[in-house]
Every structure is written in C-alpha cells, then in structure tokens.
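See structure below.
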Amino acid sequence: RMDERERRRARLQPPDPAVWEAYMCNIRVFDQLIANTDRNQENLLITRDWRVWIVDHTRAFRTNRELRDPAELMGVDPRVLDALRGLEESRLRDELGELLTAEELDALLERRARILRVFDALLASGAPDVFTPLPDPR
C-alpha cells in the first residue's frame, strides 16, 4: 500500500497506535540484533491492514559487537524476547553458516546477549510497558 515516507507525507495515523508502536519496538530490536545501519522510511512497507514489513537488509550483519543504540530498546513483544532467549547457537550456525562468516555470527550472538541484558534490566527495574505484544498473526 505505502511506505513510511508516504504515510508521513500524507499525515496518516495508524488505526491502532499501540499495535503500531509494537511493530516499531520489534523492528528496533531486530535492527539492533542484525546491526542494520540503513533502516529508513522507504524500507518500512505498510499493508492495507496496517501490518509493517521491513525490507532491505543489505547493510546488516556487521561484525561490531556493541549495540548501536541500546536506548532504542524500550519494548518488545514477549514472543520475540522468548525467541531470542531460545535461539540456539548451533542451529543459528547450521542455518546461517553458509551466508555469514564466523565473525558475523559471533557478533550477532554477542548483540543478542546484550539485547537480553537490556530487557532483563528493564524487567528487573519494574519498568512499565516493556512488553508491547502484537496481535496473534493467526
């Protein structure tokens, strides 16, 4: 239907701001995980039913181990957090080993650990609204 740039130009607001924010939170988590340095308005695609799809990851999977901006990690869908916790290194290496270098995979795993530490600290501090669940896609 449109990309984020078009949405902003048309000054369209999502019908459910909480769902929109949940999408944005999960996108921020994913971009931190894969070290995407090129998220922009043109690679956030919005469908007619206001689902958000992220495209263009050509500047991702870098070897830096630090999170680009940990302060961006304000919320996450609990299913995403559970998936990050359950990510098995051996499976990751099996699935992505031909696409990413060992150094890129090591960096991704380190960023995952850092993301989990951020959310564990937020949860331990009692921060409100850490969980931003998306509706069940089924």
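Leu12 meets each of the listed conditions (1) surrounded by 14 or more Cβ atoms within 10 Å (Cβ to Cβ); (2) of a type in the set (A, V, I, L, M); (3) modelled with pLDDT of 95 or more apart from (1).
Among the residues of segment 35-42, at least one is touching a residue at least 60 places away in the same chain (Cβ under 8 Å), surrounded by 17 or more Cβ atoms within 10 Å (Cβ to Cβ) and not acidic (Asp, Glu). Inclusion of Arg51 among residues that are open to solvent by 80 Å² or more (accessible area, probe 1.4 Å) and free of Cβ contacts under 8 Å to residues at least 24 places away in the same chain is not warranted. Within segment 30-51, none of the residues are within 18 Å of Pro133 (Cβ to Cβ), in contact with a Ser or Thr (Cβ under 8 Å, 6 or more places away or on another chain) and outside any helix (DSSP H, G or I). Of note, Arg79 does not satisfy the criterion of being surrounded by fewer than 17 Cβ atoms within 10 Å (Cβ to Cβ), touching a helix residue (DSSP H, G or I) at 6+ places or on another chain (Cβ under 7 Å), in a helix (DSSP H, G or I) and at negative phi.
May I ask you to say which residue of Arg117, Arg112 is open to solvent by 80 Å² or more (accessible area, probe 1.4 Å) and either touching a residue at least 60 places away in the same chain (Cβ under 8 Å) or farther than 14 Å from Thr63 by Cβ (or both)?
Going through Arg117, Arg112 in turn, just one is open to solvent by 80 Å² or more (accessible area, probe 1.4 Å) and either touching a residue at least 60 places away in the same chain (Cβ under 8 Å) or farther than 14 Å from Thr63 by Cβ (or both): Arg117.
In the condition set (1) at pLDDT 95 or above; (2) closer than 30 Å to Leu12 by Cβ, Thr101 is compliant with all but (2).
The values are calculated or read from the model by the stated rules, or taken from the named source; none is laboratory data. As the structure is a computational prediction, the values presented were derived from the model and not from experiment. Glycine gets a Cβ as well: all are built from the backbone with ideal geometry, and neighbour counts include every protein chain shown. Side chains are part of the model used for accessible areas, which takes the heavy atoms of the whole protein and leaves out ligands, DNA and RNA. Shrake-Rupley method; radii C 1.70, N 1.55, O 1.52, S 1.80 Å.
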